[in-house]
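Colleague: Mind having a look at this structure? Questions to follow.
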Amino acid sequence: MERTLILVKPDGVHRGLSGEILRRIEAKGYRLVAVELRQATPEILGRHYEEHAGKPFYEALVEFMLSGPTLAIVAEGQRVVEGFRSLAGATDPTVAAPGTIRGDLGRDWGLKVMQNLVHGSDSLESAAREIEIWFPEL
Ligand code: DAT
Ligand code: MG
């Protein structure tokens, strides 16, 4: 069975949306394998976002992700990697489709980095890599 790594980012935790986001994951029929409120560290984020190192928004992204606790989740289900990306919606909350987490709950804060509530692994390879970073015990 497929697994993916989902994060409710600090904006989502701060706004009290963790429960709503967990509800949507469970309502879709995915099984929660691990759920843990964590303070991210520079070490974890350096690994998690290594593909974005050097991009113009990278420093702001890491700073934002360090700004408060993150809810780290591993969810399991048929095609859950693709399925959660679909639930999350497009990266930019302004254009994310209504019905998606980012489309319904996110907005443009006019900041250097998009505070778009959630992260979801973008491929099976990313999922394996990211689960190892956040939950090495799994
Ligand atoms: P996603 O989270 O949809 O997989 P991504 O991996 O391309 O998007 O980028 C990681 C995060 O970085 C994204 O959730 C928000 C931020 N980000 C991406 N592109 C950005 C941009 N052009 N300006 C500001 N923030 C950006
Ligand atoms: Mg990504």
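The values are calculated or read from the model by the stated rules, or taken from the named source; none is laboratory data. Because the structure is predicted, anything quoted here is derived from the model rather than measured. As a convention, Cβ positions derive from the backbone with ideal geometry for all residues, glycine included, and neighbour counts pool all protein chains shown. Remember, those area values only see protein heavy atoms, side chains included, never the ligands or the DNA or RNA. Shrake-Rupley method; radii C 1.70, N 1.55, O 1.52, S 1.80 Å.
Colleague: Which cross-chain or sequence-distant (5 or more) residues have an amide H under 5 Å from the amide H of Thr70, H modelled 1.01 Å from N in plane?
Modeller: Arg38, Gln39, Ala40
Colleague: Mind checking the dipole of the stretch 3-134: about its Cα centre, +1 per Lys or Arg Cβ, -1 per Asp or Glu Cβ, Debye to the nearest 20?
Modeller: Working: 16 positive and 18 negative charges, 72 e Å.
Here the stretch 3-134 has a charge dipole of around 340 debye.
Colleague: Mind jotting down the distance between the C-alpha centroids of the stretch 1-19 and the stretch 24-49, whole Å?
Modeller: Taking the Cα centre of the stretch 1-19 as reference, the centre of the stretch 24-49 is 6 Å away.
Colleague: Given a 1.4 Å probe and every protein chain left where it sits, what share in percent of the accessible area of the chain is carbon and sulfur? Spell out each step's value before the answer.
Modeller: Values: 3680 of 7030 Å².
Of all accessible area on the chain, carbon and sulfur atoms account for 52 percent.
Colleague: Using the Karplus equation 6.51 cos²θ - 1.76 cosθ + 1.60 (θ = phi - 60°), what ³J(HN,Hα) coupling, rounded to whole Hz, does each residue of the stretch 96-110 give in order, writing x for Gly and Pro?
Modeller: 4, 5, x, x, 8, 4, 5, x, 7, 10, x, 8, 7, 8, x
Colleague: Here is a further query. How large is the accessible surface per residue of the stretch 63-102, computed with a 1.4 Å probe and reported in Å² as a whole number? Can you show the working numbers first?
Modeller: Values: 1720 Å² over 40 residues.
Computed with neighbouring chains in place, this is 43 Å² per residue.
Colleague: Now for a different question. Using heavy-atom solvent-accessible surface (probe 1.4 Å) with all chains present, what is the largest-first order of Trp109, Trp134? Please report the intermediate quantities before stating the final value.
Modeller: Details: Trp109 100, Trp134 0 Å².
Putting Trp109, Trp134 in descending order of accessible area: Trp109, Trp134.
Colleague: Further question on the same structure: With Cβ to Cβ distances under 12 Å as the rule, what net charge do the other residues near Gly29 carry (K, R +1; D, E -1)? Before the final figure, lay out the partial values.
Modeller: Values: positive: Arg24, Lys28, Arg31, Arg79; negative: Glu26, Glu76.
Charge balance near Gly29 sits at +2.
Colleague: If you add up the charges near Ser67, with Lys and Arg at +1 and Asp and Glu at -1, over every other residue whose beta carbon is less than 11 angstrom from its beta carbon, what do you get?
Modeller: Details: positive: Lys9; negative: Asp11, Glu63.
For residues surrounding Ser67, the net value is -1.
Colleague: Right, next: Give me the extension gain from Lys55 to Met1: residue separation times 0.36 nm, minus the current Cα-Cα distance, reported in nm with one decimal. Walk me through the intermediate numbers first.
Modeller: Working: separation 54, 0.36 × 54 = 19.44 nm, distance 3.39 nm.
16.0 nm is the gain from fully extending Lys55 to Met1.
Colleague: While we're here: In a shell of Cβ-Cβ distance under 12 Å around Ala96, excluding Ala96 itself, what net charge do Lys and Arg (+1) and Asp and Glu (-1) give?
Modeller: Details: positive: Arg85, Arg102, Arg107; negative: Asp92, Asp104, Asp108.
Net charge around Ala96: 0.
Colleague: Something else now. I'm a student and want to see the number: the projected area of the Cα convex hull of the chain, averaged over all directions, in nm². Can you show the working numbers first?
Modeller: Values: hull surface 30.1 nm².
Quarter of the Cα hull surface area: 7.5 nm².
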